[in-house]
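Notes for the one structure printed next.
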Amino acid sequence: LPGRKEGYSMKEVRITEIRAAEPTADGAKALILSGRPIVYDTPTTINDYSGSYTEIIKRGALDGADLSDVRLLYNHDVNKVPLAKTPKTMSLEVDQAGLTFTATLPETAGAKEVYEAVKRGDLDGMSFAFTVPEGGDSYDASTNTRTITKIAKVYECSVVPYAAYPTTSVEARSARENGLKKLQQRQQAKILFNQIMREG
């Protein structure tokens, strides 16, 4: 991945909501989209190739995260001109609840189409791509929960046609599988211990 640093996991994607802003008081018809792509401390079901699990992004996970080069795209299409980009045409703000954004779209046919679709409610999902550094998350197999305590970088936010959670990265899936294996090993060890105690 461009800009990926050693030790970071692969880019992951999540879906949240987006909205179109009303015209300003002076009647200007700027194409402005805003929303909250990341919400802290909210359990979310993530669907994965190996099943589903609960994920929680803890408050403070964005402290120190790289938000310097985030693009607003339509449906993760990096082959098209971004709808907006930090810091010039999109602003991001980290607060106590997570991350908010406001983006001013260009006066292009594609941007107007996206804006109108969001305004009508035809597009109501927003996806964001991010990385978690090594040690920035943990997995509890007993509750099937992944907890993210640190996000290294947010790469992009996308307006998407379907508000359904996409597949997570191989690294996250691997961490979950390792956690499940450890839980199974502990359970097997407990069974073996109980058998030895009964026989002894």
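The values are calculated or read from the model by the stated rules, or taken from the named source; none is laboratory data. Since this is a predicted model, take the numbers as computed values, not measurements. Backbone-built Cβ (ideal geometry, glycine too); neighbour counts: all protein chains shown. SASA here: full protein model, heavy atoms, side chains in, ligands and nucleic acids out. Shrake-Rupley method; radii C 1.70, N 1.55, O 1.52, S 1.80 Å.
At-a-glance table
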{"item": "Rounded FRET efficiency, nearest 0.05, which uses the C-beta distance separating SER138 from SER34 and R0 of 25 Å", "result": "0.20"}
{"item": "Theoretical FRET efficiency, 1/(1+(r/R0)^6), r = Cβ-Cβ of ARG120 and THR145, R0 35 Å, to 0.05", "result": "0.45"}
{"item": "Portion, in percent, of the accessible area of the range 84-128 that falls on carbon or sulfur, probe 1.4 Å", "result": "50"}
